[in-house]
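Notes for the one structure printed next.
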Amino acid sequence: QVQLVESGGGLVQPGGSLRLSCAASGSIFNFVNMGWYRQAPGIQRELVATISSGGSTNYADSVKGRFTISGDNAKNTVYLQMNSLEPEDTAVYYCNAYIRSSWRLPPANYWGQGTQVTVSS
C-alpha cells in the first residue's frame, strides 16, 4: 500500500506564495507520474500540474507561469511552488500519484487527503 501526505497549505494574501509538499511512502517500486489537483466548493476537481518520472511537466493554463512542479526522487516527494497567488486559486489541493508497487503489478492511482489553500486579503 502507498500513502501520500501533503503539507504546506494555509492562508496567504493575493500576490503571495506558498509551497506544497507531498511525500509518498509505503510499497513503492517506481513512479509513473505525480501531480497536483484542486477542488473549490461547487466545482469539479481539476488538474493543476503533473510531472512524469522522466521530468516532463504539464500545467493547467490558469497556473502557467505562476506555479512550478518539481520532484525529488530520493525523497519520494513532489513539490508545488505557487507564486502570484490569486483568490481564484483558493481550493483544497490534492496530491496524486500513479505508482507501481511491484514489478509484477500494473501501476495504481493514489490520492492524498488534501490541504487547504486560501488566498484572501
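The table that follows gives values for the structure above.
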{"read-out": "Fully extended contour minus Cα-Cα distance, from residue 121 to residue 73, at 0.36 nm per residue", "value": "13.7 nm"}
{"read-out": "Extension gain from residue 5 to residue 30, taking 0.36 nm per residue of separation minus the Cα-Cα distance", "value": "7.3 nm"}
{"read-out": "Local electrostatic count at residue 119 - Lys and Arg +1, Asp and Glu -1, tallied over other residues with Cβ under 9 Å", "value": "-3"}
{"read-out": "Solvent-accessible area per residue, Å², over the chain with all protein chains present [probe radius 1.4 Å]", "value": "53"}
{"read-out": "Potential lengthening between residue 13 and residue 113 on full extension [0.36 nm per residue; Cα-Cα distance subtracted]", "value": "33.6 nm"}
{"read-out": "Backbone HN-Hα couplings from phi across the range 27-39 [Karplus 6.51/-1.76/1.60, Hz, Gly and Pro as x]", "value": "7, 10, 8, 7, 9, 8, 7, 9, x, 10, 10, 9, 9"}
{"read-out": "Test item: Cα-centred dipole of the chain, Lys/Arg +1 and Asp/Glu -1 on Cβ, debye", "value": "360"}
{"read-out": "Sulfur and carbon atoms: percent of accessible area, the chain [1.4 Å]", "value": "48"}
{"read-out": "Compactness of the chain as Cα Rg over 2.2 N^0.38 Å, two decimals", "value": "1.04"}
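The values are calculated or read from the model by the stated rules, or taken from the named source; none is laboratory data. In this text, all values refer to a predicted model and were calculated from it rather than measured experimentally. Note that we place each Cβ from the backbone using ideal geometry, even for glycine, and neighbour counts take in every protein chain shown. Surface accessibility is based on the protein's heavy atoms, side chains included, excluding ligands, DNA and RNA. Shrake-Rupley method; radii C 1.70, N 1.55, O 1.52, S 1.80 Å.
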